[in-house]
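Novice: Quick one: this structure, given as structure tokens, is what I'll be asking you about.
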Amino acid sequence: MRNTGYYSQFGGAFIPEILVPTFDELETAYLEAKDDPSFWEEYLTLMSTYSCRATPITRLDNLSEQLGGASIYCKREDLNHTGAHKVNNVMGQGLLTKRMGKTRVIAETGAGQHGVATATMAAKFGFDCTIYMGAHDVARQRPNVFWMEQMGAEVIAVTEGSQTLKDAINEAFRDWVSNMDNTHYALGTACGPHPFPEMVSWFQSIIGTEAREQMLERTGNLPSRVYACVGGGSNAMGLFSGFFDDEEVELVGVEAGGRGRGAGEHAARLAYDDATIGVAQGYKTFFLQNRDGQMQDTHSVSAGLDYVGVSPILSHLHETKRVRFEAATDDDVVAAMQRTVRNEGLIPALESSHAFAQAYAEAPMMSKDENILINMSGRADKDIFTVADAIEDPKWREFIIDKAKGYQKGVNQ
């Protein structure tokens, strides 16, 4: 254990001795980059020329009127290259990888957006790339797997455990132990051993910095509340960081309520009382675990929010009550996504739709003079199979059946 990177009692770096030099190297490179203004300028230039930053904020005119309460705005991280906020962190880590002289990157992914972003970064910078993804997530996020492979990444389906994100993280760490000299692990969320929670949050802080300035410019005021979905916590940390010093702004994190309360039915670590403090995957935080410390199965309609743990920084913010945590059920999430698509022409990812669901529930109870801001952390291209199945769309079902028939015909010929 390394006695660094704590947020009250949460965080740390519980790592095997063999990884200590690698983490020391990473922390040194990160701190040097953080103290080097030219690094941040290089990062901002990269993001503005490669990933459409600054992303705008959009007022949801129709839903603001329909719901009759606060004006609803969303931060458009879906307009990033690769379709989500994940690229913010990945491009920053790509620049660090170059600085450290590494030639290969590995990553874990759940919903696939971090995998696509990492494969994109590797293609741009010329790195070899391996992505670990739970076999269950590979099946439900096939479009993202396709693009990772097209960009030259090797996608390895993890068949151990629940075959989801936590298992992909375990496999990525195993790889790193064997390939430390030439490989950087581009961890995708604000979890894991120090310095990952702090470093990922730093790169994602570009969201909150932009959003705060844009809300003041657009409305003349800070929002009363800001909402972000919470899996590991990177998009939430990114948005919230812009408002940490503004006590009048309430920060609301929305977790995966899944099918409701009960072991294995959800992935709400902080909104429900099912999680307990433990140490796993190199850090200390709230985990969904049994009395023996064994990680429990989780469930969410969204592949990116079914992680068993949560950022240690968010655990700290939960204990200090700076962030309020809620949970949105699968049904409410799908309904919120449909409502947004139909009324605003925006297509939030299922992960992001958790934040939309909670915001829609609370906005009508607020004053018309108030504004709220939602982080639209990604778009739902990747979710088309899951969503079409959830709403039982007959035309989609017919399309899939016809494609399957055509495939089988080709095989038989």
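Novice: So how do 295-301, 308-314 stack up, highest first, on mean other-Cβ count within 10 Å?
Specialist: Ranking the peptides 295-301, 308-314 by packing returns 308-314, 295-301.
Novice: Let me ask something additional. Restricting to bridges with both residues inside the chain, how much of the DSSP beta-bridge set is antiparallel, in percent to the nearest 5?
Specialist: Just about 30 percent of them are antiparallel.
Novice: Amide H of Arg379 versus every other amide H placed in the peptide plane: which residues, excluding those fewer than 5 positions away on the same chain, fall under 5 Å?
Specialist: It is Ala349, by chain and number.
Novice: Taking a quarter of the surface of the Cα convex hull of the chain, what do you get in nm²?
Specialist: Mean projected area of the Cα convex hull: 20.4 nm².
Novice: So which of Lys75/Lys368; Lys34/Lys124; Lys166/Lys284; Lys86/Lys284 end up more than 18 Å apart by C-alpha?
Specialist: Check vs 18 Å cut-off fails for Lys75/Lys368; Lys34/Lys124; Lys86/Lys284.
Novice: Among 86-97, 30-41, how do they line up by average Cβ neighbours within 10 Å per residue, starting with the highest?
Specialist: 86-97, 30-41
Novice: State the dimensionless ratio Rg/Rh of region 158-208 (Rg: radius of gyration of Cα atoms; Rh: Kirkwood radius).
Specialist: 1.04
Novice: Between Val308 and residues 5 or more places away or on another chain, which pairs have amide H atoms under 5 Å apart, with H built 1.01 Å from N, and which residues are they?
Specialist: Lys166
Novice: Still on this structure, I have one more. Any chance you could list the semi-axes, whole Å, largest first, of the equivalent ellipsoid that the Cα gyration tensor gives for region 137-271, using √(5λ)?
Specialist: 32, 20, 15
Novice: Quick one: which residues, 5+ away or cross-chain, put their amide H under 5 Å from the amide H of Tyr7? H built at 1.01 Å from N.
Specialist: The answer is Gly12.
Novice: Measuring from the lowest to the highest alpha carbon on each principal axis, how far does region 1-71 reach, largest first, in angstroms?
Specialist: 57, 34, 19
Novice: Hey, another quick one. How many nm separate the modelled label positions at Val341 and Glu319, each set 7 Å beyond the Cα in the direction of the Cβ?
Specialist: Once both label points are built, they end up 4.1 nm from each other.
Novice: Can you run phi through the Karplus equation (6.51, -1.76, 1.60; θ = phi - 60°) for region 60-65 and list ³J(HN,Hα) in whole Hz, with x for Gly and Pro?
Specialist: With coefficients 6.51, -1.76 and 1.60, one gets 7, 4, 5, 6, 4, 6 Hz.
Novice: May I pose another question? Please compute the net charge surrounding Ala327, taking Lys and Arg as +1 and Asp and Glu as -1 over other residues with Cβ under 12 Å from its Cβ.
Specialist: Here the count lands on -3.
Novice: Name the residue from Ala168, Ala123, Ala153 whose Cα lies farthest towards the positive end of the charge dipole of region 76-234, charges +1 on Cβ of Lys and Arg and -1 on Cβ of Asp and Glu.
Specialist: Looking along the dipole axis, the top candidate is Ala123.
Novice: Taking the Cα centre of the chain as origin, sum charge times position over the Cβ atoms of Lys and Arg (+1) and Asp and Glu (-1), and report the length of that vector in debye to the nearest 20.
Specialist: The calculation lands at about 720 debye.
Novice: Rank by packing, highest mean first: peptides 131-139, 336-344, with packing defined as the count of other Cβ atoms within 10 Å averaged across residues.
Specialist: 131-139, 336-344
Novice: Give me a comma-separated list of calculated 3J(HN,Hα) values for region 297-303, in order, Karplus coefficients 6.51, -1.76, 1.60 applied at θ = phi - 60°, integers in Hz, x for any Gly or Pro.
Specialist: Rounded to whole hertz, the list is 5, 10, 8, 7, 5, 9, 5.
Novice: Ok, one more. On a full-extension model of 0.36 nm per residue, what is the gain between Glu154 and Ala361, subtracting their alpha-carbon distance, rounded to one decimal in nm?
Specialist: Stretched fully, the Glu154-Ala361 segment lengthens by 70.4 nm.
No lab work stands behind these numbers, since they all come straight from the coordinates. Since the model is a prediction, treat every value here as computed from it, not as a measurement. All Cβ positions, glycine included, derive from the backbone under ideal geometry; neighbour counts span all protein chains shown.
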